[in-house]
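Have a look at the structure below, then the notes.
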Amino acid sequence: MTQAFVHPTAIVAPGAKLGQGVKIGPYCIVGEHAVLHDGVELISHVSVDGHTEIGAATRIFPFASVGHVPQDLKYHGEASRLVIGERCTIREAVTLNPGTENGGMLTQIGNDCLIMANAHVAHDCIIGNNVIMANYVGIAGHCHVGDNVIFGGICVVHQFTRIGNHAFIGAQSMIDGDVIPYGMAVGNRASLAGLNLVGLKRRKFDREAIHRLRAAYRMIFSNEGTLRERVEDAAELFKDDKLVQDVVTFIGAASDRPILMPRNGHSAE
């Protein structure tokens, strides 16, 4: 692999670490604590600052702001970090903020993510692998997003929210509660609209496993008894099923946000 290429109009501060084959295009700015691994490409007009680490083969498009001071009044200059995974695509005018002292000092984005134009990931968020955020998605601080989650355009997510693996968030949704793994959330304020069956089928999940997950979903979000009782019943009835246990574990975990429920308490599955 070739040595790093830096365009004559770009500014790379002393101390920045550039891997093999890095390409820094016109008018980019790279701060002194930045680490760009092999094959990273900054197309043009990209600003990278702070204690930011960018994984191999990630491409960042013009006017993205990466690793600058978080939009949090409680931030006081602590050396928090932003870590971006490998093979990500970060499109125009995306803003990605580092962590804060109150949130673990780390914002992390997984591998193979696509973050489309004008999206925002705030301080102390943990984003999984293979996540797709369409244009103008806004993720507030301290959110956890699982693997293979897809966001439609113009979504916003309340701070401290969890979104489970393989969930789908419909366009123009406002998410103010935790979304179960494999779930689909739609609306403002959003409600649970069933399972992400299209995503499960596209990712080649076993048909019988999907049928069991649907049965568990109906049980968990029925109107009989309490949510806790229904979750316990599903956990016992489907104790050997990984997908159902993923949902059961997610609901049982402590959280600052309520679990997003189907509208009017009725299951859509």
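The values are calculated or read from the model by the stated rules, or taken from the named source; none is laboratory data. Quick caveat, the model's predicted, so the values are computed rather than measured. In this analysis, Cβ positions are derived from the backbone assuming ideal geometry, glycine residues included, and neighbour counts consider all displayed protein chains.
Among the residues of region 235-256, count how many are more than 15 Å from G164 (Cβ to Cβ) and modelled with pLDDT of 95 or more.
To start, the set of residues in region 235-256 that are more than 15 Å from G164 (Cβ to Cβ) comprises 235-241, 256.
Still in the list and also modelled with pLDDT of 95 or more: 235-241.
Counting residues in region 235-256 that are more than 15 Å from G164 (Cβ to Cβ) and modelled with pLDDT of 95 or more gives 7.
A quick yes/no check of all residues on (1) at negative phi; (2) part of a loop (DSSP other than H, G, I, E, B); (3) under 13 Å from the mean Cα position of the chain (by Cα):
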site	(1), (2), (3)
A57	no, yes, no
H68	yes, yes, no
Y75	yes, yes, no
G99	yes, yes, no
N111	yes, yes, yes
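Residues that are charged (D, E, K, R): find the helices (runs of 4 or more DSSP H) completely inside region 171-269 holding 3 or more of those. Lay out the reasoning, then the answer.
Details: elements: 197-202, 207-220, 227-237, 242-252.
In region 171-269, the matching helices (runs of 4 or more DSSP H) lie at 207-220, 227-237.
What pairs can you find where one residue is in region 211-223 and among the aromatic types (F, W, Y), the other is surrounded by 15 or more Cβ atoms within 10 Å (Cβ to Cβ) and in a helix (DSSP H, G or I), and their Cβ atoms are less than 8 Å apart, with a gap of 6+ or different chains?
Y217/V247; F221/R230
Of all residues in region 141-158 being aliphatic (A, V, I, L, M), over 16 Å from L192 (Cβ atoms) and part of a strand (DSSP E or B), which is nearest to the chain's Cα centre (by Cα)? Let's see the steps before the verdict.
Just the residues of region 141-158 that are aliphatic (A, V, I, L, M), to begin with: 145, 149-150, 154, 156-157.
Applying the additional criterion that residues be over 16 Å from L192 (Cβ atoms) yields 145, 154, 156.
Of the ones still in play, those that are also part of a strand (DSSP E or B) are 145, 156.
Values: V145: 4, V156: 12 Å.
In this case the residue turns out to be V145.
How many residues does region 159-170 hold that are in contact with a helix residue (DSSP H, G or I) (Cβ under 9 Å, 6 or more places away or on another chain) and either in contact (Cβ under 8 Å) with a residue 40 or more places away in the chain or not in a strand (DSSP E or B) (or both)?
At the first step, the residues of region 159-170 found to be in contact with a helix residue (DSSP H, G or I) (Cβ under 9 Å, 6 or more places away or on another chain) are 162, 164-168.
Restricting the remaining residues to those that are either in contact (Cβ under 8 Å) with a residue 40 or more places away in the chain or not in a strand (DSSP E or B) (or both) gives 162, 164-167.
Residues meeting the conditions: 5.
Where residues in region 95-109 are touching a strand residue (DSSP E or B) at 6+ places or on another chain (Cβ under 6 Å) and surrounded by fewer than 24 Cβ atoms within 10 Å (Cβ to Cβ), which of them is farthest from I163 (Cα to Cα)?
Across region 95-109, the extreme among qualifying residues is T95.
Residues to consider are I132, I175, I163; find the one that is at pLDDT 95 or above and more than 21 Å from I259 (Cβ to Cβ).
Details: I175 fails: more than 21 Å from I259 (Cβ to Cβ); I163 fails: more than 21 Å from I259 (Cβ to Cβ).
After applying the criteria, what remains is I132.
Can you tell me which residue among V179, V156 is in contact with a strand residue (DSSP E or B) (Cβ under 6 Å, 6 or more places away or on another chain), farther than 21 Å from N111 by Cα and either of a type in the set (D, E) or in contact (Cβ under 8 Å) with a residue 40 or more places away in the chain (or both)?
Working: V156 fails: either of a type in the set (D, E) or in contact (Cβ under 8 Å) with a residue 40 or more places away in the chain (or both).
Going through V179, V156 in turn, just one is in contact with a strand residue (DSSP E or B) (Cβ under 6 Å, 6 or more places away or on another chain), farther than 21 Å from N111 by Cα and either of a type in the set (D, E) or in contact (Cβ under 8 Å) with a residue 40 or more places away in the chain (or both): V179.
Listed residues E78, E53, E41, E32; which is touching a helix residue (DSSP H, G or I) at 6+ places or on another chain (Cβ under 7 Å) and modelled with pLDDT of 95 or more?
Result of the check over E78, E53, E41, E32: E78.
If you scan region 3-14, which residues turn out to be assigned to a loop (DSSP other than H, G, I, E, B) and either without any contact (Cβ under 8 Å) to a residue 12 or more places away in the chain or under 13 Å from I29 (Cα atoms) (or both)?
Taking region 3-14 and keeping what is assigned to a loop (DSSP other than H, G, I, E, B), we get 3-4, 7-10, 13-14.
Result: H7, P8, T9, A10, A13, P14.
Consider region 24-47. How many of its residues are surrounded by fewer than 19 Cβ atoms within 10 Å (Cβ to Cβ), more than 26 Å from the chain's Cα centre (by Cα) and either of a type in the set (K, R) or more than 20 Å from V83 (Cα to Cα) (or both)?
Of the residues in that region, 2 qualify.
Going through region 117-141 one residue at a time, which ones are surrounded by fewer than 23 Cβ atoms within 10 Å (Cβ to Cβ), under 18 Å from G67 (Cβ atoms) and touching a Phe, Trp or Tyr at 6+ places or on another chain (Cβ under 7 Å)?
N118
Kindly list the number of the only condition in (1) within 25 Å of N97 (Cβ to Cβ); (2) surrounded by 17 or more Cβ atoms within 10 Å (Cβ to Cβ); (3) basic (K, R) that fails for R189.
(2)
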